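Below is one structure, written out as structure tokens; comments come after it.
The values are calculated or read from the model by the stated rules, or taken from the named source; none is laboratory data. From a predicted model like this one, the values you see are computed outputs, not experimental measurements. In this analysis, Cβ positions are derived from the backbone assuming ideal geometry, glycine residues included, and neighbour counts consider all displayed protein chains.
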Amino acid sequence: MEQLKERIEKHIETIATYTSTPGNGTTRLTYSKEDLQTRNYIKEQMKAIGLTVSEDGLGNIFGKLDGSMPDAPSVMIGSHFDSVPNGGAYDGPAGVVAGLEVANLFYQHNVKPSYPLEIVALVEEEGSRFGGGLMGSRGITGQLSEAEFSDSMDKDGISPKEAMQEIGLDPSLPKARDPKTMKAFLELHIEQGPILEEKNIPIGVVESIVGLTQYDITVKGQAGHAGTTPMDRRSDALIAAAKMISKLPDLAITEGNGTVLTTGKLNVYPNGANVIPEKVFFTVDIRSGKEENIQHVIQQLKEYVEDYQGNGIEVDIEEKLYVQPKALSETVRTLLKEQSEHQNISYCSINSGAGHDAMVFSDFTDVGMLFIPSKAGLSHCPEEWSDAADIANAVEILYQTAKKLTKAE
Ligand code: HGY
Ligand code: MN
Ligand code: MN
């Protein structure tokens, strides 16, 4: 086990160096230089353990170990390798590294699967560069529209296609993968919350994942001189936006049932200290375990937007992502629990307040997800940390589970 822990630490430490903000967390935007460094590392690791490596038209990476049944559906294990701005080293990579190490155990022990094993490294789960998110998994499952692929832009007006070409990838929207080619999708992820650490339990078997939606909101007013424009003759986009934003958290609090709402992005144009703001862009992220709670908050958000139209203020609202709450496969959850018991690793059931690629695959194949503890429950920040020994525990459970699912000898 010690050797496995060391391998995991080396993977995580190496991938963590691929950041555009060294010393201030992990910033690895999709199709950036840091993406390319990570992509090359992952492909190199896949080849070293005998996997056949490929990339699809979005740049998702696949490492395949063929089974004795050539056309049988694959057992897939993986996660994403992009990050939020100034995020942590484990959100995403822990799951990719776990997949690599499960495949390494197949390789080291010369395990021959009947069903193929596929290790996957997914792009743009966070949506930090192009907005929305879960882009790689939605592209594989045919839920990414041509418009979203072609028309999305990053903050510099670069599209996913242009960004892919800049790092030598060949962009094309993949055809929806036939669900019959997927037997299961397994993902290890850090919990990103305090529960497992507070309970001192090393493994969480995920039962369900919250539904989530993200909106881009643009408020347009009229730029003007801060000194010569009387207060009663202004259409100040920032004041309108600020009044709206300040009211939004109460929508989630009033909704209850664990509903949460976050405004994470806010840009002011032209952003001059002596200029009345002409335009403000901000995001609204809404999540809940029950779809009706999400829908009710969306409806009130849209009513607010309507309330602020007029007097020279124009508000535009665009839905960037909508994924319903998901319950994960009972069969796979049971398998994961049985394997945890066989390994004498204590576990508990847990629900996910974060969104994951697993929720996208769960409409197309049996999905199982494991969590490991996050130190102080912190994530999406440089302080994010998890113990490689916990990742090693998860690798052992996923390895045994994958052997069963691939009907390995
Ligand atoms: O936002 C999320 O829940 C995930 O980190 N993309
Ligand atoms: Mn993640
Ligand atoms: Mn994340």
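Details
- On the stretch given as segment 195-210, residues that are within 16 Å of ligand 1 (Cβ to nearest atom) and either hydrophobic (A, V, I, L, M, F, W, C) or surrounded by fewer than 22 Cβ atoms within 10 Å (Cβ to Cβ) (or both) total 5.
Matching residues to (1) surrounded by fewer than 18 Cβ atoms within 10 Å (Cβ to Cβ); (2) on the phi > 0 side of the Ramachandran plot; (3) among the aliphatic types (A, V, I, L, M):
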site	(1), (2), (3)
Glu148	no, no, no
Met153	yes, no, yes
Pro160	no, no, no
Ile167	yes, no, yes
Ser172	yes, no, no
Asp178	yes, no, no
Met182	no, no, yes
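- Set side by side, the residues Asn200, Asn267 differ, and just one is in the same structural domain as Ala94 (by TED's automatic domain parsing) and either on the phi < 0 side of the Ramachandran plot or at pLDDT 95 or above (or both), which is Asn200.
- Selection of strands (runs of 3 or more DSSP E) fully inside segment 230-291 by the criterion of at least 2 residues being buried (at least 19 other Cβ atoms within 10 Å of the Cβ) and of a type outside the set (Ser, Thr, Tyr) returns 279-288.
- Sole residue being surrounded by fewer than 24 Cβ atoms within 10 Å (Cβ to Cβ), within 16 Å of ligand 3 (Cβ to nearest atom) and at pLDDT 95 or above, chosen from Gly78, Gly87: Gly87
- Positions within segment 1-52 being surrounded by fewer than 20 Cβ atoms within 10 Å (Cβ to Cβ), of a type in the set (A, V, I, L, M, F, W, C) and within 22 Å of the chain's Cα centre (by Cα), in sequence order: Ile12, Ala16, Leu36
- Yes/no for Val297 being within 25 Å of Ser152 (Cα to Cα) and either modelled with pLDDT of 95 or more or surrounded by 14 or more Cβ atoms within 10 Å (Cβ to Cβ) (or both): no
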